[in-house]
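One structure below.
No lab work stands behind these numbers, since they all come straight from the coordinates. Just so it is clear, the structure is predicted and the values come from calculations on it, not from any experiment. Here Cβ is always computed from backbone atoms with ideal geometry, including for glycine, and neighbour counts include all displayed protein chains.
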Amino acid sequence: MSLKAQLLAVVSTLTLLLLAAAGFAALDAWREREAFKQAVELNRTTDLFTWAATQWAGERAVTLAGSKPDAIQMRRTNADFGADEGIEAVQALLGTLPPEAGALATARKTLDVQRTRADAPNRTPADLLRLSDGLAEAIAQARAVQFALAQQAPAGDLVLAQRLRLKRLLADATASLSEEEGLVLLSAEMDAATKARLLALRDINMAAFAEVEREAGLAALGQPARDALAKAGTLLRGPYRSEIDQALAGKLPASFPTTAANALDALLAIQETAVADTTAYGERKAGTANTRLLLMLGLTGLGLALTILSIWVVTRRVIAPLLHLGATMKTLATGRYDIAIDGQDRRDEIGTMAQAVLVFQSNGLENQRLAAEADRIRATAETERRAALHAIADRLRQEVGSVVTIVSTAASQMNGSAESLAKTAGTTSQRSEAVATASAAATDNVGAVAAAARSFPPRLPKSSGK
């Protein structure tokens, strides 16, 4: 195989390998892009449930604190909007509702009934307690949905997993903080059991927020999220914790409902900034994957183009000449040698084959020339043979003519002799008939004499001795 053919084979093989590698890389990039697109949607959806849980916690605090109806309604509207939008987003994202989302929808309906009773003019403390429990149940179900959605996130991305974990920790911190605020606001008297529960919740809240801070440090949040985290830490460890301690001492400050609402809003601010960071991160990753996908598609297109070009070159430079040589050899095999043979000037295997076919054509032409020469010789010999035969026939005709003339003359003479003989034979015949008649008469006479002789008696001869 020539160097050109070897190079063409190597280029074709490398092109096919490049095409396969680019195709697989494009498929991986497409899967990665789709995974991050889904992660972004999951992030937004889980944020809706975190938002709903935080707003329900705020509703619980302002309701138990007896705040203005407008403040209560604002929290309710925000929470219900987040939950309803989240359920619709889950339905669109997964195609079906997980059991946790169904449980949250049921809790939403129960919560509406409890709100109606709590808003009635003749409400009782039990109605407020049932509403508080209903809000706690809704918060718990929102956290369950959020946890179920977090399991759908791409497992290979550590940053995204950490940020989703941060949101779960924020939801846990919000739930425990809401429970603590509710317990403080619902307890008219700070008995031993209530104090023990508040002390436990305080430790839980501090541990939960410390976990939030640790996870936020690992999640590499942006500056706005870090600022919101620092502000929340200052509020929770400062004014909020101070007023909780005063409540444990039996002196609940009048500013506690406001401080509690601010604490929940501080956690909500962390969540909102984390949402923005996570969404931006997911979009960047999806954009990177999309860029890689486009690059791989471009490489795939390039590989496909090179493959097509290689096929075209192989077809034009190898296959087509081979087919042409094959057709030429078939034509030569039929005895037609007056055709052109392409590729004689090539310096590869095709040129060698063309030279071989040229030799075959030359031999065929030589055979045709020899056959024509033989035909000419045979035709000349046949002509000479026919001329010789004609000459012999002419001589024979002349000699036969002479013989015929002689024979004819002799025949004429013989005919004359025959006529003389015929005449002589006629005379002889007549004479023979006369002889025959005389002979018959003689025969009759002899017969008569014989008869007469028999009529005489016989006489014995005399003996000579007497």
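Brief remarks follow.
- Counting only Cβ charges, +1 for Lys and Arg and -1 for Asp and Glu, the dipole size of the chain around its Cα centre is about 3520 debye.
- Read-out semi-axes √(5λ) of the Cα gyration tensor in Å, derived from the coordinates shown; its label in (1) 34, 28, 21; (2) 148, 37, 18; (3) 49, 23, 22: (2)
- Of R31, R108, the sequence from fewest to most neighbouring Cβ atoms within 10 angstrom is R31, R108.
- Isotropic mean projected area of the C-alpha convex hull, region 27-291 (nm²): 14.1
- With a Förster radius of 45 Å applied to the C-beta separation of Q91 and A320, the computed FRET efficiency comes to 0.15.
- Calculated from the alpha-carbon coordinates, region 335-422 shows an Rg and a Dmax of 32.8, 105 Å respectively.
- Computed [θ] at 222 nm, deg cm²/dmol, the chain (DSSP H ≥ 4; -39,500 (n - 2.57); rounded to nearest 500): -31000 deg cm²/dmol
- Dipole axis of region 349-429 (+1 Lys, Arg; -1 Asp, Glu on Cβ), positive-most option in Q355, I392, A372: I392
- Virtual spin-label span in nm between R395 and V113, 7 Å along Cα→Cβ: 14.7
- The residue list G298, V403, V145 was ranked by how far each Cα lies along the charge dipole of the chain toward its positive end, using unit charges on Cβ atoms, and V403 comes out on top.
- With 26 Å as the limit, the listed pairs K37/K231; K167/K251; K167/K285; K231/K285; K109/K231 have K37/K231; K167/K251; K231/K285; K109/K231 beyond it between alpha carbons.
- Ranking of H324, H390 by count of other Cβ atoms within 10 Å, fewest first: H390, H324
- With 0.36 nm allotted per residue and the present C-alpha distance subtracted, the E384-T106 stretch has 87.7 nm of extension available.
- Cα-only Debye scattering, region 3-140: base-10 log of I(q)/I(0) at q = 0.15, 0.18 Å⁻¹: -0.78, -0.97
- Taking the centroid of alpha carbons for each part, region 329-360 and region 367-411 are 48 Å apart.
- For region 335-422, a simple Cβ point-charge model (Lys and Arg +1, Asp and Glu -1, everything else neutral) yields a dipole of about 240 debye relative to the Cα centre.
- According to the calculation over all Cα-Cα pairs in region 20-66, the P(r) per 10 Å bin from zero is 24, 24, 18, 15, 10, 6, 2 %.
- Gyration tensor (alpha-carbon) shape descriptor, region 244-402, a/c threshold 1.5: prolate
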